[in-house]
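The next block holds one structure in the form of structure tokens; read it before the comments.
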Amino acid sequence: MSQVQDLADGVFAGNRRQVARAITLVESMRMQDRAQARELLGILREHPTQAVRVGVTGVPGAGKSTFIDALGVRLVDQGHKVAVLAVDPSSSKTGGSILGDRTRMSALAMSEQAFIRPSPSGNHLGGVARATRESMLVVEAAGYDVVLVETVGVGQSEVAVAGMVDTFLLVTLARAGDQLQGIKKGILEMADLITVNKADGDNEAASRVAARELTTAMKLITSDSKARRPPVLTSSSYTGAGLMEIWEAILTHRAYLETSGGLAARRARQQRDWMWSLIDDELLESVRQTPSVKAIRSQLEADVMAGGASAMEAAQEILSSFARNLPSTWME
């Protein structure tokens, strides 16, 4: 039996160490590891699951991690197995994750029925880790029936996360001011569900007002009276108020997608988009690792930074060098 099959068997058995090893494998950019990752994912895909996939994004300071921690604990108490894929900003020095989600989600991290994995986002737009999709397949194969994908922040680039989950949840705050104004045209159009978080204490009344205002705003996004409008709720990670109502709204949205045929169509589009994303990643890495490109890369970068060559000229030279030295396997 191959090492990859052994790893797959460990994942299917729910072995946490093997799950972690499998995610490390699919995150790797080494050519040998990528080949093994493809083999592993091929095996895992033979056993599809019906896990609920939820993307969680929000304005800075909205308390996304604390929200996920509190919601995750309650879902575990209900008998669910919860996986959190938290896409961290990457350290510019080491490339590693720097937010430490196991610290920020301390209660959930203590549960044997939960698995938390921060993934460094690298240079990918919006902080979406390249291997997040593959990691989702790994944790689902391991029996986790709820997968929560937490993003770095909020912005147009978060469309990448919206494009890999079933339900896209926006966590915002009362009195968000300019932060909220800045996201209206982008994230609000993609949100399937919205919650005004930290609705407790002196902030509870303001949160309810903000929820009503957002409900009105959602009506203005589309003129189609038959179009589904994302519900706007309030929540408190501190008191737990509203958390299970949000989970019920997620399940309602999932049922809506299944009944309308939208879930199958959404996942089909996601598979198509994933295909092109993989092609983009493999092509970029192949360009970077081609010996002829590596030989001229540093000099061209220096020329561009010094103004001796334009970015367009340098890019064309790199691409021409790559095309002249395509790996022989590409020509078969």
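The values are calculated or read from the model by the stated rules, or taken from the named source; none is laboratory data. As the structure is a prediction and not an experimental result, all values here were calculated from the model. Positions of Cβ are generated from backbone atoms using ideal geometry, with glycine treated the same way; all protein chains shown enter the neighbour counts. These accessible areas exclude ligands, DNA and RNA; they are computed on the full protein's heavy atoms, side chains included. Shrake-Rupley method; radii C 1.70, N 1.55, O 1.52, S 1.80 Å.
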**Request:** Inspect all residues belonging to region 272-295 and state whether any of them is without any contact (Cβ under 8 Å) to a residue 12 or more places away in the chain and either touching a helix residue (DSSP H, G or I) at 6+ places or on another chain (Cβ under 6 Å) or closer than 30 Å to residue 211 by Cβ (or both).
**Result:** no
**Complete:** In the set 293, 304, the lone residue that is touching a Phe, Trp or Tyr at 6+ places or on another chain (Cβ under 6 Å) and surrounded by 11 or more Cβ atoms within 10 Å (Cβ to Cβ) is 293
**Message:** With the requirement that a residue be under 20 Å from residue 37 (Cβ atoms) and either open to solvent by less than 30 Å² (accessible area, probe 1.4 Å) or modelled with pLDDT under 50 (or both), what does region 91-134 give you?
**Reply:** 95, 96, 97, 115, 119, 121, 128, 129, 131, 132, 134
**Item:** In region 214-244, the residues that are exposed (fewer than 13 other Cβ atoms within 10 Å of the Cβ) and in a helix (DSSP H, G or I)
**Value:** 216, 219, 220
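Just to be sure, is residue 276 open to solvent by 50 Å² or more (accessible area, probe 1.4 Å) and aromatic (Phe, Trp, Tyr)? Spell out the reasoning first.
On the way: open to solvent by 50 Å² or more (accessible area, probe 1.4 Å): yes; aromatic (Phe, Trp, Tyr): yes.
So residue 276 fits the description; yes.
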**Message:** From the list 72, 42, 79, exactly one residue is within 28 Å of residue 263 (Cβ to Cβ), open to solvent by 10 Å² or more (accessible area, probe 1.4 Å) and modelled with pLDDT of 95 or more. Which is it?
**Reply:** 79
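Within region 300-316, count every residue that is out of contact with any Asp or Glu (no Cβ under 7 Å at 6 or more places or on another chain) and within 17 Å of residue 284 (Cα to Cα).
Pass one, region 300-316, residues out of contact with any Asp or Glu (no Cβ under 7 Å at 6 or more places or on another chain): 301-308, 310-313, 315-316.
Checking which are within 17 Å of residue 284 (Cα to Cα) leaves us with 301, 311-312, 315-316.
Looking only at that region, the number is 5.
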**Message:** Kindly evaluate residue 309 against the criterion of being part of a helix (DSSP H, G or I), of a type in the set (Gly, Ala, Ser) and either open to solvent by 90 Å² or more (accessible area, probe 1.4 Å) or over 29 Å from residue 45 (Cβ atoms) (or both).
**Reply:** no
